[in-house]
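This report refers to the structure that appears directly beneath it.
The values are calculated or read from the model by the stated rules, or taken from the named source; none is laboratory data. Bear in mind that the values here come from a model prediction, so they are computed numbers and not experimental data. As a convention, Cβ positions derive from the backbone with ideal geometry for all residues, glycine included, and neighbour counts pool all protein chains shown.
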């Protein structure tokens, strides 16, 4: 899927592990601010600030208000999927998108009891062409599954993929 660079406002909105986690819990379920706060074990007032920021930047959409169990007006929210359509933008003074994603994953893993369902680690030596091929093929699999509708009887899973240079294995051509 072609992605565009995030604007500065979008990058700033995604530069929060809490906001990234809000998007995850609202991915395929409509939740009110109170329900989001409960899922993330946070104060509803502080969560509302983050929810509003995500709505303002188009990452969450406010759905029609409904009446709660006690008759109070409640606004449910759902993630729009917009974050999947963006590539990271580095903004001065803001943590890098990769750092935010990694910390969000670690926070979610800790909340899940710290147990990985599966993990792989692989060291490779690739030229630029093969690295691009590798990255594109992994991206295609992720895009394919992201485009599928959620399985009604499915369990929730999180996937984190990261690729980094391995400086310990670099050849120094000057020696």
Any hit, region 60-75, residues being under 30 Å from residue 136 (Cα atoms), surrounded by fewer than 14 Cβ atoms within 10 Å (Cβ to Cβ) and modelled with pLDDT of 90 or more: no
Of the criteria (1) out of contact with any strand residue (DSSP E or B) (no Cβ under 7 Å at 6 or more places or on another chain); (2) farther than 30 Å from residue 168 by Cα; (3) touching a residue at least 24 places away in the same chain (Cβ under 8 Å), which one residue 104 fails: (2)
The lone exception for residue 98 - which of (1) under 25 Å from residue 37 (Cβ atoms); (2) outside any loop (DSSP other than H, G, I, E, B) it fails: (1)
Those helices (runs of 4 or more DSSP H) lying entirely in region 14-71 with at least 2 residues over 30 Å from residue 90 (Cβ atoms): 33-40, 44-56
